[in-house]
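Written out below as structure tokens is the structure these notes cover.
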Amino acid sequence: MSKAKVCLLCILMFLCAVGCSQRSKDQLVIAIAEDNREGYDPVTGWGRYGNSLFHSTILKRDNDLKIVKDLATVYSLSDNKRVWKISIRRDAKFSDGKPLTANDVVFTFNKAASSGARVDMTSMEKAVKIGDYDLELRLKKPDITFIDHLITLGIVPEHLYNDKYSRNPIGSGLYKMVSLQEGEQMIIEENPYYYGKKPAIKSVVFLFLSEDAAFAAAKSGKADIVAVPQSLAIQKVNGMTLHPVKSVDNRGIMLPCVPDTGKKTDKGYPIGNNVTSVLSIRKALNLGIDRNILVKGILEGYGTPAYGVVDGLPWDEVSGRIESGKIEEAKKVLRSDGWGDSDKDGILERKGLKAEFKLVYESSDSIRQNLAVAVADQAKKIGIKINIEGKTWDEIDTMDHAVAVLFGWGSHNPLEMYGLFHSSQAGIEYNNCGYYSNEKVDKYFDMAMNASSFEDSIKYWKLAQWDGKTGFAMKGDAPWVWLVNLTHTYFVSDRLDIGKSRMEPHGHGWPLTSNINEWKWINR
């Protein structure tokens with residue numbers, strides 16, 4: 001029997017087992033890709049891209065992405081912008097029935113700061129308990145974006161936290177974990193001690209399935225919600241309706257902005273690219289790539305052209321955008337900078353340098369592969385040759401300062417821009433891989449971080465993108481070629497109302513569940 005047939009047989013047997021098992025009236029089944037490689041511990045990053053399901057946070061965002069209170073009853077930022085003073089509600093309990101107090105909040109923030117994991121708490125000096133339900137978060141320096149940690153960092157119980165916590169999370173959120181079968185399924189149920197609005201959906205089964213298996217679950221009626229790739233969103237499923245959700249989950253190409261002078265990282269990895277470091281090359285690519293074709297041809301129309309890393313968010317500066325698919329304008333930019341094709345091979349050159357470079361993408365991601373192929377094909381039309389290669393992330397890590405990389409980003413926090421484009425972040429993990437640097441941009445970023453309120457910081461985030469003369473936007477230094485924003489696509493049972501979904505971030509976690517307390521059964 002072929003490998004493909006064995007895989008299909010396993011899928012069918014699994015779905016049969018699910019279908020044959022007893023499902024309670026209030027139980028919901030979601031077929032979705034597994035995303036618990038690092039477990040369900042907020043201290044190490046779980047929940048930073050969406051609803052953590054099990055945990056409460058100090059603040060949260062509503063469906064319009066406005067900041068509202070969750071655990072906090074009162075919060076304020078000191079005049080020197082270095083101390084967050086917070087009072088929390090007194091009726092919050094963990095799912096084991098124990099009360100949540102300032103001790104747990106202080107423990108969580110200090111633990112996250114010392115863990116060295118994906119939660120970047122470098123700007124925090126320490127969290128300090130002031131009273132049973134009062135605390136302070138003291139910063140080393142002003143950082144208005146620290147408010148995002150108040151929105152995304154789920155509070156863990158000090159009395160239960162240990163090295164096994166990530167697979168057995170206890171929190172004060174809407175749900176509690178009942179069981180977890182690695183790589184197969186997870187069952188959660190309503191937290192009886194939750195202080196907020198009780199959910200109509202009392203129990204949820206998450207089936208961790210591949211894209212093909214999830215779609216099979218939808219077709220067979222074994223799931224109520226199924227996450228599918230855009231390529232399958234054009235299909236029809238009896239008893240289900242496609243639910244498209246806008247996102248800031250983008251795909252774009254990072255272009256190294258410094259030339260290759262022989263410099264290397266501390267690990268000995270090369271830095272710089274002689275072709276992508278040329279501004280006219282970056283400008284021409286931004287002009288010449290037709291993003292609408294990418295959306296229609298690769299995403300089946302389920303997406304939008306991308307012009308930056310924060311498209312559609314309150315801090316997006318649209319004046320820095322340029323039209324795409326302008327082949328002749330792209331050619332003109334290159335000619336004006338001395339690029340020509342003297343040997344008539346279709347590849348431009350200047351001073352002996354060919355307009356040719358390598359672009360790598362994560363090899364298991366079909367969308368990134370298709371985007372890379374399409375971009376390389378379009379680039380030929382303006383005389384630039386792009387050689388594409390699929391690699392593992394471990395391989396990409398050794399070359400991502402010297403070659404172009406097709407990345408995915410997208411967050412509800414403008415700090416992501418700081419990480420990608422502030423010169424101080426150059427070469428730090430995936431931050432500013434291309435060593436982009438602009439003193440004016442750095443200045444605007446620093447002004448944003450030192451703003452008196454998050455609202456006041458927005459103008460500086462915008463200026464960093466484009467102030468009319470410079471910035472990291474397409475009209476400015478163009479260190480990236482942004483391609484598309486994905487529309488996340490789900491099939492939802494016609495018996496289920498999931499309300500208004502909010503704009504989703506990059507595809508980690510399960511952001512669709514952010515408004516799960518509003519979901520309800522209909523016609524059941």
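The values are calculated or read from the model by the stated rules, or taken from the named source; none is laboratory data. This is a predicted model, so every value here is computed, not measured. Glycine gets a Cβ as well: all are built from the backbone with ideal geometry, and neighbour counts include every protein chain shown. Please note that ligands, DNA and RNA were not included when accessible areas were found on the heavy atoms of the full protein model with its side chains. Shrake-Rupley method; radii C 1.70, N 1.55, O 1.52, S 1.80 Å.
Things worth noting here:
- Annotation: Arg495 carries an accessible surface of approximately 90 Å², with a 1.4 Å probe and no ligand, DNA or RNA atoms counted.
- The gain in end-to-end length when the Lys129 to Lys344 segment is fully stretched comes to 70.3 nm, 0.36 nm per residue minus the alpha carbon separation.
- Label separation (Ser78 vs Lys443): 3.0 nm, computed from points 7 Å beyond Cα along the C-beta direction.
- Label-to-label distance, nm, for residues given as Ser210 and Glu329 (7 Å Cα→Cβ offset): 4.3
- Report note on the peptides 237-244, 425-432: ranked by the mean count of other C-beta atoms within 10 Å, highest first, their order is 425-432, 237-244.
- DSSP-defined beta bridges in the chain - what % are antiparallel, rounded to 5: 75
- The 1.4 Å probe gives accessible areas that order Phe215, Phe421, largest first, as Phe215, Phe421.
- The chain - mean residue ellipticity at 222 nm from DSSP helices (-39,500 (n - 2.57) per run, n ≥ 4, rounded to 500): -7000 deg cm²/dmol
- Accessible surface of Phe107, taken over heavy atoms with a 1.4 Å probe and every protein chain present, rounds to 50 Å².
- Reciprocal of mean inverse Cα separation for the chain (Kirkwood radius, Å): 24.7
- Cα→Cβ-extended label distance, 7 Å offset, between Asp397 and Lys358, nm: 1.8
- Members of Lys264/Lys331; Lys459/Lys500; Lys236/Lys380 lying beyond 31 Å, as alpha-carbon distances in this model show: Lys264/Lys331; Lys236/Lys380
- Pairs exceeding a 21 Å alpha-carbon distance, out of Lys176/Lys198; Lys351/Lys440; Lys197/Lys219; Lys332/Lys354; Lys60/Lys246: Lys351/Lys440; Lys197/Lys219.
- Surface composition of the chain: carbon plus sulfur atoms contribute 49% of the solvent-accessible area (1.4 Å probe, protein chains only, all chains present).
- Multiplying the residue separation of Val373 and Gln27 by 0.36 nm and removing their Cα-Cα distance gives an extension gain of 120.3 nm.
- Ranked packing of 389-395, 196-202, most packed first, by mean Cβ within 10 Å: 196-202, 389-395
- In range of the label at Glu389: residues from the range 338-366 whose backbone nitrogen is under 11 Å from the point 7 Å along Cα→Cβ: 358-361
- Between Lys140 and Asn431, the contour length at 0.36 nm per residue exceeds the Cα-Cα span by 102.6 nm.
- Here Lys81 is the anchor, and the aspartates and glutamates within straight C-alpha reach of less than 16 Å, apart from those fewer than 8 places off in the same chain, are Glu125, Glu136, Asp143, Asp148, Asp446, Glu455, Asp456.
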